[in-house]
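*Asks:* Sharing a structure with you now.
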Amino acid sequence: MDTPFLEISVEHTLEKSMSIYEILSQISVAFEVLYKKDANIIEQGGIFCVRIDFDSTLDFEKIYEQPYSLYTFLFDNFINGNDEFEKLFSEDTSNQIPNKNGLEENYLVLRYRTNCIAPMRNYYGFTSHVNKIFGDKVINEEIVDGYLRFIQTKTDFKALLAPGDVETGWKKRFERRKVDLNHPLIQEFFEKVKEWNEKHK
């Protein structure tokens, strides 16, 4: 098999103040910060996309291993069975945009194209469930060569860009959800994140 690659392009967006190139630039920067991999914007047939090339399948799998490990740790050691924690994340409807039929339109639809889908399948299957607990409205749909990610609001998009394995990233994410950072359950959550970070230094 050829060495793995990942391409991220915009299928649809309601964004008016940023160009598609600017959206992809944010994704590129976030990818490099999160995974320490070069993420270049290229043009193919008039369509821009973020392109990341990997040395091997193992190299590709590594970008999903760490966040998957964190999510499973948090789920098993704090979130699972803690209904009060989930209730802290009130539904944010402030930037949902209804279409002409009164249905909510997606702010952004991203296409993730790859020749190595297995690591993505394992990751998106579980983390989608956990992200719903945090109030995120992101639906992942597997297609023949990757995934479509339906991102309902701009807040959901910003949450995807925030680093999930450091405390400051989670704080920004919770602030966007208007969650009280001083709530005892949130403080307990941060302690669990710190515990995981200590084990994975």
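*Asks:* Please say if segment 19-60 is rounded, prolate or oblate, where rounded means a/c under 1.5 for a ≥ b ≥ c the square roots of the C-alpha gyration tensor eigenvalues, and otherwise the choice is prolate for a/b larger than b/c and oblate otherwise?
*Replies:* Cα axes put segment 19-60 in the oblate bin.
*Asks:* Now for a different question. Would you please put 194-200, 28-34 in order of how densely packed they are, using the mean number of other Cβ atoms within 10 angstrom per residue and starting with the highest?
*Replies:* Most protected by this proxy first, the peptides run 28-34, 194-200.
*Asks:* How high is the relative contact order of the chain, given as a whole-number percent (alpha carbon pairs under 8 Å, six or more residues apart)?
*Replies:* With pairs under 8 Å counted, the relative contact order is 24 percent.
*Asks:* When we measure straight from the Cα of Lys62, which aspartates and glutamates land under 18 angstrom away, once same-chain ones fewer than 8 places off are left out?
*Replies:* Asp2, Glu7, Glu32, Asp38, Asp53, Asp165
*Asks:* Kirkwood Rh over alpha-carbon pairs of segment 3-81, then Stokes-Einstein at 37 °C and 0.692 mPa s: what D in µm² s⁻¹, rounded to an integer?
*Replies:* D, rounded to a whole number, is 227 µm²/s.
*Asks:* Using 10 Å bins from zero, what percent of all Cα-Cα pairs in segment 133-201 falls into each bin?
*Replies:* For segment 133-201, the pair-distance distribution reads 18, 42, 29, 11, 1.
*Asks:* So, one more: Between Lys16 and Leu161, what is the FRET efficiency for a Förster distance of 25 Å, r being their Cβ-Cβ separation, to the nearest 0.05?
*Replies:* 0.85
*Asks:* Continuing with the same structure: If you roll a 1.4 angstrom probe over the protein chains with everything in place, what fraction of the accessible area of segment 116-173 belongs to carbon and sulfur, to the nearest %?
*Replies:* 58 percent
*Asks:* For every other residue with a beta carbon closer than 15 angstrom to the beta carbon of Gln44, add +1 if it is Lys or Arg and -1 if Asp or Glu, then tell me the sum. Before the final figure, lay out the partial values.
*Replies:* On the way: positive: Arg51, Arg111, Arg113; negative: Glu7, Glu11, Glu43, Asp53, Asp145.
Summing Lys and Arg as +1 and Asp and Glu as -1 gives -2.
*Asks:* Another question about this same structure. So I have (1) 19.0, 64; (2) 17.2, 52; (3) 20.2, 68, and one of them is Rg and Dmax of the Cα atoms in Å calculated from this model. Which one is it?
*Replies:* Working out Rg and Dmax of the Cα atoms in Å from the coordinates points to (2).
*Asks:* Something else: For the chain, what is the accessible area per residue in Å², given a 1.4 Å probe and the full set of protein chains?
*Replies:* With all protein chains present, the chain gives 53 Å² per residue.
*Asks:* Further, regarding this structure: Spelling out what I want: for every residue of segment 181-198, take phi, set θ = phi - 60°, compute 6.51 cos²θ - 1.76 cosθ + 1.60 (Karplus), and round to whole Hz; glycine and proline get x.
*Replies:* Along segment 181-198, the couplings run 5, 8, 4, x, 5, 5, 4, 5, 4, 4, 5, 5, 4, 4, 4, 5, 4, 4 Hz.
*Asks:* Given the pairs Lys16/Lys194; Lys36/Lys154; Lys172/Lys192; Lys36/Lys178, which span a C-alpha to C-alpha distance of over 28 angstrom in this model?
*Replies:* Lys16/Lys194; Lys36/Lys178
*Asks:* Straight-line reach from Lys87: which aspartates and glutamates have Cα under 16 Å away, leaving out those fewer than 8 places along the same chain?
*Replies:* Cross-link targets: Asp136, Glu175, Asp180, Glu188.
The values are calculated or read from the model by the stated rules, or taken from the named source; none is laboratory data. Everything numeric here is computed off the predicted structure, so don't read it as measured data. No Cβ is skipped: glycine too gets one built from the backbone with ideal geometry, and neighbour counts run over all protein chains shown. Keep in mind that these areas ignore ligands, DNA and RNA; they rest on the heavy atoms of the full protein, side chains included. Shrake-Rupley method; radii C 1.70, N 1.55, O 1.52, S 1.80 Å.
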